[in-house]
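Take a look at the structure below.
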Amino acid sequence: MTYSVKELFLTLQGEGAHAGRAAVFCRFSGCNLWTGREEDRSSAVCQFCDTDFVGTDGAGGGKFESPELLADAINQEWGNGDPHHKYVVFTGGEPLLQLDTPLIIALKAKGFKIGIETNGTIRAPQGIDWVCVSPKSGAELVQVQGDEIKVVIPQAGHLGQLPQLLIRFEKMSFKHHFLQAMDGPDLEANRALAIKICQSRPLWRLSTQTHKLLGIR
């Protein structure tokens, strides 16, 4: 399989339970809920994505002709960091369109723990160490268990239905539950809503995009 990678870089995880943790981010090209083209945004299932996942022209990006070649590139990005704490996060777009068992095996051979950030519409293969699901309104959720569920609020379609959705998510098999305010012009109001819900439903915790506050990718 040839893997199409938009960008590949060493950073700190910015969101959720692993916020602040050193990680190589591998952003795959492509998504099943939006083409990534602005002219298609209004008709897409997911309309609020703020990430460029089109093509392979980002820093460290490219076409990788084998799982071993991509694993080598990820290992090079980790550099001289502690070999006992190697961590890679696959994101996108939708990473499960490309992340497969051969790549997981190649990374395990190099000592990596593997995380994903997925929209949950594709079932994750075995061998992933941390599964973070971020459901999108209007998309069928098939990955209903994992380590972390992170709900961005409010999304189109949430109006009047958010309490029922949260109850549904609470019944699923996730270890950690996060609410994250939708970025954009209404961020302050959205954050106030997320805080209010976390206060009234203490199973949920607030996730903030700390990488944006720190000015890192």
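Restricting to the stretch 195-217, give me the number of residues that are among the charged types (D, E, K, R) and loosely packed, with under 12 Cβ neighbours inside 10 Å. Step through it out loud before you land on a result.
Filtering the stretch 195-217 down to residues among the charged types (D, E, K, R) leaves 196, 201, 205, 212, 217.
Those still in the list that are loosely packed, with under 12 Cβ neighbours inside 10 Å too: 196.
Here the count works out to 1.
When you check Gly111 against the structure, is it of a type in the set (Gly, Ala, Ser) and either out of contact with any helix residue (DSSP H, G or I) (no Cβ under 7 Å at 6 or more places or on another chain) or within 25 Å of Trp204 (Cβ to Cβ) (or both), yes or no? Steps first, please.
Details: of a type in the set (Gly, Ala, Ser): yes; either out of contact with any helix residue (DSSP H, G or I) (no Cβ under 7 Å at 6 or more places or on another chain) or within 25 Å of Trp204 (Cβ to Cβ) (or both): no.
No; evaluated as a whole, the condition is false for this residue.
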Look through the stretch 160-194, keep the residues that are exposed (fewer than 13 other Cβ atoms within 10 Å of the Cβ) and among the aliphatic types (A, V, I, L, M), and return whichever of them is nearest to Cys49 (Cα to Cα).
Leu187
Out of Phe9, Phe28, which single residue is surrounded by fewer than 17 Cβ atoms within 10 Å (Cβ to Cβ) and either within 14 Å of Gly92 (Cα to Cα) or touching a Phe, Trp or Tyr at 6+ places or on another chain (Cβ under 6 Å) (or both)?
Phe9
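Conditions tested, residue by residue: (1) modelled with pLDDT of 95 or more; (2) of a type in the set (Asp, Glu); (3) within 20 Å of Val152 (Cβ to Cβ).
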{"position": "Cys31", "(1), (2), (3)": "yes, no, yes"}
{"position": "Trp34", "(1), (2), (3)": "yes, no, yes"}
{"position": "Glu38", "(1), (2), (3)": "yes, yes, yes"}
{"position": "Arg41", "(1), (2), (3)": "yes, no, yes"}
{"position": "Phe48", "(1), (2), (3)": "no, no, yes"}
{"position": "Thr51", "(1), (2), (3)": "no, no, yes"}
{"position": "Gly55", "(1), (2), (3)": "yes, no, no"}
{"position": "Gly62", "(1), (2), (3)": "yes, no, no"}
{"position": "Glu65", "(1), (2), (3)": "yes, yes, no"}
In the stretch 139-177, which residues are within 21 Å of Glu94 (Cβ to Cβ) and basic (Lys, Arg)?
Lys150
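The values are calculated or read from the model by the stated rules, or taken from the named source; none is laboratory data. This is a predicted model, so every value here is computed, not measured. Quick reminder, even Gly has a Cβ in these numbers, built from the backbone with ideal geometry, and neighbours come from all protein chains shown.
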